[in-house]
Structures are given as structure tokens and as C-alpha cells.
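What follows is a short report on a single structure.
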Amino acid sequence: MTADAASASAPVPPPVLRRATMADLDAIMSLETSTFVTDAWSPAMMRSELRSEHSYYLVAERAGSGEPGVVGYAGLRAVNGSTDADIQTIAVAPAVRRAGLGRSLMLALIDEAERRDAREVFLEVRADNPGAQRLYASLGFEQLAVRPHYYQPDDVDALVMRLTLPMQDALRSAHTNSRAEPLVLGIETSCDETGIGIVRGTRLLANVIASSMDEHARYGGVVPEVAARAHLEALEPTITEAVARAGIRLEELDAIAVTCGPGLAGALMVGVGAAKALAVALDKPLYGVNHLVGHVGADLLDADGGQGREIELPTIALLVSGGHTSLLHVRSLTDDVELLGETIDDAAGEAFDKVARVLGLPYPGGPQIDRVAATGDPNAIRFPRGLTLPKDMAKHRYDFSFSGLKTAVARWVEKREDAGEPVPVADVAASFREAVVDVLLRKAIAACVDREVPRLLLGGGVVANARVRQLAKERTDAAGIALRIPALSLCTDNGAMIAALAAQRIAAGHAPSGLDFGADSTLPVTDIQV
Amino acid sequence: MVVEKPWCLRADYAGGMLLAIDTSAGTSVAVVDLEGGVLSELTTVDTMRHAEVIGGMVRDALAQASVTPARLSGVVAGMGPGPFTGLRVGIAAAKAFALGAGKPLVPIVSHDAVALERYSAGHTGPLLVVTDARRRELYWSAYGGVDVLGIPLRSGGPGLAKPAEVPHADLPRYDAASVSAGQLGLLAEWLYAHRRPFAEDRPLYLRSPDVTPSTGPKRVTA
Ligand SMILES: Nc1ncnc2c1ncn2[C@@H]1O[C@H](COP(=O)(O)OP(=O)(O)O)[C@@H](O)[C@H]1O
Ligand SMILES: [Mg+2]
């Protein structure tokens, strides 16, 4: 037998809830007749439901082209002036089940019942559908009665369940909290760090990182296959440790989040495969999110586990690591991120690693160069600043290039060596570092000025660089720009930032990603969630 | 020697359902039970979409068997041999599912499931199981037959070889394009029921990552 899933199309955006209209009738009916094979409503009944002023119907719709739009619907009947409301129907397409959509629909209907001043919400559920009964019980519905032989022709009993409004304080806060401050576990495997983080809203509960950096040292750079193998080994112990540190049980989670790109494809797939299985095992919604936007989300968290804070927006974000050098304009963390520019060849961290090799320093090169440069003269050698000439600033205003710089350093060093002269390592390191940092900040400040955004946020492993921090402070101070640098443990790749970003998406009302997405090594920053 | 058919076996084993996952070739997910056999099985031979399909297939296999995670007694992982990127997706999923459901992981050699399938289909005597290893190489395992319980007896491999250099060329050879998670799961059930060891919890890549340690920087000036 071949799985339906095998023929599923490319990843599609998550469904959004909206009020149903008459135009949705056909789509609703096709879902109705495929879900309730033996006891579906007739189109006429459904039409009168949709038309009634006492009704409140929602559809869950997937945006984009191709795939059918409506993947779920649910309806409430609450007659004006009556204290009773009824959940009339709810259906979710098989392809998007177990992703939290049913719960989102139910919560929206309960909210509406409260708005209409209902005191009690009733529903009937098939006695042979324990999954649905569990969902309703978790929302506070209690079983009232049994209606024998209610569903015909299947001859199945109906259980009548009731929710008393307003919901108990404890339950209500559990549910509002689970939307405003959801408990999320984030999985990050895009490069060489297996990062598992757990957050409650913007409060950091655990941030555990297993790095395979040492295994890459002998190769002088991250080897994708070595990284992917290490992820598979580290995954389970890292999750177990994060859960223990957070002092939670996996069952308590409100959602699972995972980095689905950009990054190394084989490495990403380990996290994606694990996250999906974990979500199914725990019956939790799954959010596939963007690694780079996650780096911005890191600023929500307090590394010591204190209450987090909002990110002041809009902001320009400069993300610099071994794999990325990107400049972003963030207007909304959850909904509006624009890529201004990125490296057209090597990432800045990669340049540090390569130049360190030229200077005979071990991997990773960034910290080594930083250490050696401390005693060097940054103005000793004038190395080129990539893409800063006027013609480049017209075409590549916010883009970066570091491969020419690396070659220039290598050439300079070889010339000295060929001449039998000693290489002034400290001066070379300091001058190289100055060139990198100068370009990074020149472009970042230009973006702040051009876009009239007086805020700059830094992220990525290269932010550990002492000169990056120092020059960022000087130049932002001079330009009247507010500078934010998250704690270093949150700047390098980690799962906590992924969890924090997903928590914001949940709080903003975005539906989960479903289970059909893949790893996308070149996921654009505009795709904040898949 | 009288060889009993595996599915006729009954042990004093209370029976427990297993979720089985194999991505050593395509993707295959099944729910099995010692008494009831394969309760559900979904397989696709697509070798490019393991990460995309794994979650939906696990969900659907459970749903088709009407089994909740809590009712499982373990999660079987096909440990390969298999091409690494795809193989890892299934093992990662099995491990994460086992962790989430609070159940033990049961590692099984994927080729053994192919052998079980052949023997169950009537093959007798020696057998060479071969699967694609990409990069013009093959994975192989050799079997002498089945034991009294019907469990395949691996006599060589799993190994990796160029097509012309696959050993045991004299054995009847079966080239498998897919590995059945149902067979993988049943094999795990029988091994457990008869207190036989499972495989090691170690992915069978049989290849080292192809990189060479750095020999220092290359010159940029001629
Ligand atoms: N003090 C530093 N100065 C410059 N680069 C650094 C410093 N510390 C670390 N790095 C660089 O940061 C990179 C690692 O950062 P990380 O965020 O883990 O990125 P990735 O995982 O994408 O490689 C490496 O390239 C390393 O050399
Ligand atoms: Mg890293």
C-alpha cells in the first residue's frame, strides 16, 4: 500500500481561521461528506446553518495555490438571549489532523459563545471516538448523559457533554496561558549544534546545547555528514536533559517547534524527523520555523531564566555566524521580516576560520583570532573592505563579501613567508578582524540610517567577537542607535530561540505547520514559519 | 528439520503492539502485534522525501490500526544499512517517538526484515539480500536459512561493496527496493518473544563521512 502522504505536495502555509461564508458551502460539504460518511448533513441543512443569524461558523483555510483551501470547519449555534450554546459540528481534514487545528477551532467557538453571553455550551460526540472526547474533556467539557443508538445507521451511542461558562479560572488560565504563554520545546539542528530549548512564553526554562565542534576541528570546518551523525547521537540525551532542567514533563508541552531551514539539509532533517515523531507521540501541535528569524527571537529571552521582554520594533538585525551573514529589517517578529542583504560568498565566521588556518591557528578560528588580535595593530595593514566601493554600494548596498579579503590575507602572508620574513601574526589578525568588523557595522548602520530605524540587534556566534561588540557600541552610540546584544549562550545556535519564536507565533494566533513540511536548506527569511 | 511458519508461533508472551519505522530505502511505517500480525502498514519507495512523509505516515499508521501511543510496548527502528541522510530520518523519528511515548527503542537490522519477508514468502535455504547504497555501491547481507522458529540466520554482513565485488555471488540473490516496516516489526516481536537479542543501537552507515583531515592551508599565490 502506498501512503497518501507520499503524494502530498510541497509544504504549504499553515491554515488560518476565518468566518465561513456562503461561498464556502461546497468546500464544507466535501469535507462533511468525507468525514461523516454515513451521517453527513445535506447541503440544504448546511446552507441554512451558514445563513442563520444564530450560527457562528469558522473555516480553517490554507493559503496559496493548488491544494484545496478549506481543511477544517466548525460551527456554533447560540440563539440570541439564550443561555445555552451548542457546538453543532467540527471536522478537520485527515491530512492536517493531530496538529492542534481541532483545538484552535474549539477555543474560537468557546470564545464566541462567551461573547454571546452563553452560560453553557453543549455538544454530542460519538461514543466510539475517544480522541474527540479527550479533546473536549481537556477543554473542560464534562459528560452529562448518553443518548443510546443516536448515530444511525451505525447504531452508535452519543455522549452529551457540557462546558459551564465562564470556564473555571484554573482551566481558563491554563488555556489562555497556553496561547499567550505557551510551553514550547524547540529543536535546532541546522549546523553543528544540537540545541534543545524549553520556554514558557518569553521565559527561558532550559537551553541545552551539544556541539560537534570538536569533531570538525581536524577538518578545519564544519563537515555536514559529521554534523548530521552527531545530531542523531545527541538528540535524545539533549532532549532528556532539557526536560529535566526545565522541571517539566513532556506531556505538559503546548507545542513542539523545530528549525526547518535555512541550514545544512542533512542536519536539518534529523531535527525535522524527530520533531514530527515527538509531536505525533505526544499529540501536540508542531511549528516549523526559520532559523534566522529564530536568531532575532533570541532577544526575547533572559539567559538567566528571568521574565523575558518584548523586542522593540522595528529593528535592523545583523546575524553573523559560521554559516550566515545577513542583514534583516524586522517590522514584526511573527509576521514581517525582510532580507536586506547577505553574503555573496563566505560567511564572516567562515572567513575567521579560514584566515586562522592561514595563520596556523586552530579551529574554530574566531576566538583564536580575537585572542591574538588583542595585542596587534588594527591599522598595520590595510586589507580590502568587500563591497564598499561606491559602485558596489549602489548594487550591493547591504550585501557582504569576505572571500576576497581572505585571499588578500593569504597573499600578504605568503609574500612574507616567501621572502623568509617573520609573519607579524598579531598585526595580521588585528588588521583582518578590523576589516571584517568595519564592513559588518558600516553596512548595518547604513541600513539603520536608510530605513530610519534607530535600533540594531546582533545575533550569531561571531557576536562573541570582542571587536564586533566594541565597534558596534561606538558606532551605534555615535549615530544615536539603540544596540541590543543577547547573551552569548543565546547568540550561538540554540533551541531556545526556536521555541521562543514559535511561542510568539502561537500567541499571535497562527495555526501549526502540520506534518508535511520538509527541511529547506535555503528557506528565505520571509518564510517565518512553514 | 521441520520449520514452523513464524506466524504459527505462540509463546507465553502477553503480546504487545509495536510501532515500526524504516527509512533505509524508502519510508515504511507499521503497527504490528505478535498475535494479530501487521495491523497497519504504509510504504513509499520515494527515496527523496523521508523528512516530508515520516510524520504523516506515523500518524496514519497508528490511526489505521486504531492504536494510541500509550498502548504500544515499544518502537522498532530499522538501523540500516542504508544511505545516511534518509536512514537518519527514520532512526531520529523512532527515537523521538519512543522518548515522547515513554517506550523502549527496539533496534533491528533492516536487511533482516527483507530476509524474513522472503522466507515467509516461501524461499528456503541460503539467501543474499542486496539494497542500493547510492554512489554505485551496494549493501549486502548473507543468510544461511531460518532457525526452528523461522527467524532468519544472518551468516555474513551487512557489508558494503561495489556491484562487481559483492561477496557470496553463488547465493540466490534478492535485490530489495523497499524494506517493510511490517516485517521489521514482526521480526522484533519474535525476537522479543524468544528472548533473542536485538541489534545494536547504532546506525549502520557502513561508510565513513567522506572527508579528509585538513593538510593545512592551500597557497593562493602560485
Ligand atoms: N570571538 C570570535 N570572533 C569571531 N568569530 C567567532 C568568535 N567566536 C566564534 N566565532 C565564529 O562563530 C562561528 C560559530 O558560530 P555559530 O553561531 O555556532 O555558527 P554556525 O553554527 O553557523 O557555524 C565560527 O565560525 C566561529 O569561528
Ligand atoms: Mg554552530
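The values are calculated or read from the model by the stated rules, or taken from the named source; none is laboratory data. Predicted model only: the values in this text are computed from it and were never measured. With ideal geometry, Cβ positions are generated from the backbone for all residues, glycine too; neighbour counts draw on all protein chains shown. For accessibility, only protein heavy atoms count, side chains too; no ligands or nucleic acids. Shrake-Rupley method; radii C 1.70, N 1.55, O 1.52, S 1.80 Å.
A few remarks follow.
- Total charge dipole magnitude, the protein assembly as shown, about the Cα centre, Cβ charges on Lys, Arg, Asp, Glu only, Debye to nearest 20: 1360 debye
- Toward the positive end of the charge dipole of region B:63-222, with +1 on the Cβ of Lys and Arg and -1 on the Cβ of Asp and Glu, the farthest Cα among B:Tyr143, B:Ala115, B:Ala133 is that of B:Ala133.
- Loop-resident trypsin sites (Lys or Arg not before Pro) (DSSP state other than H, G, I, E or B) in region B:75-142 with no more than 14 further Cβ atoms inside 10 Å of their Cβ: B:Arg134, B:Arg135, B:Arg136.
- The long axis of helix A:425-450 is offset from the longest Cα principal axis of chain A by roughly 50 degrees.
- DSSP H segments from chain B that extend 15 Å or more along their own axis, Cα-based, with Kyte-Doolittle mean of 0.5 or above: B:84-101, B:181-193
- Solvent-accessible surface (1.4 Å probe) assigned to A:Val423 amounts to roughly 40 Å².
- For region B:6-193, size of Cβ-based charge dipole, Lys and Arg +1, Asp and Glu -1, in debye: 440 debye
- Acute angle (nearest 10 degrees) that the helix A:466-479 long axis makes with the longest principal axis of chain A, alpha-carbon atoms: 80 degrees
- Taken residue by residue and averaged, Cβ atoms of other chains lying within 10 Å of the Cβ of A:217-229 number 4.
- Heavy-atom accessible area order for A:Thr476, A:Thr492, largest first, 1.4 Å probe: A:Thr492, A:Thr476
- Across A:Lys395/A:Lys415; A:Lys354/A:Lys395; A:Lys276/A:Lys406; A:Lys354/B:Lys162, pairs whose alpha-carbon gap is larger than 29 Å: A:Lys395/A:Lys415; A:Lys276/A:Lys406; A:Lys354/B:Lys162
- Annotation for region B:65-110 versus region A:248-277: alpha-carbon center distance of 15 Å.
- Here chain A carries DSSP beta bridges of which approximately 75% are antiparallel, counting only pairs with both residues inside.
- Pairwise FRET efficiency - B:Arg71 versus A:Ala479, Cβ, R0 = 56 Å, nearest 0.05: 0.35
- Within straight-line cross-link reach of A:Lys473, lysines at Cα separation under 23 Å, skipping those fewer than 8 residues along the same chain: A:Lys443
- Cα centroid separation - region B:118-177 against region A:326-343, whole Å: 53 Å
- In loop segments of region A:334-438 as defined by DSSP, the trypsin sites (Lys or Arg not before Pro) with at most 15 further C-beta atoms inside 10 Å of their C-beta are A:Arg382.
- Look at the stretch B:59-70: the mean tally of other chain Cβ atoms within 10 Å of its residues' Cβ atoms is 4.
- Highest mean first, the peptides A:137-145, A:518-526 sorted by other C-beta atoms within 10 Å per residue fall in the order A:518-526, A:137-145.
- Charge dipole of the protein assembly as shown about the Cα centre (unit charges at C-beta), most positive-ward option of B:Val31, B:Ala92, A:Ala373: A:Ala373
- Given charges at Cβ of Lys, Arg, Asp, Glu: the protein assembly as shown dipole, positive-most of A:Pro94, B:Gly55, A:Phe122: B:Gly55
- Average other protein chain Cβ within 10 Å of Cβ, residues A:238-251: 1
- Beta bridge orientation in region B:1-160: antiparallel %, DSSP, nearest 5: 75 percent
- Helix A:169-180 vs. chain A, principal-axis angle (Cα, 0 to 90°, nearest 10): 40 degrees
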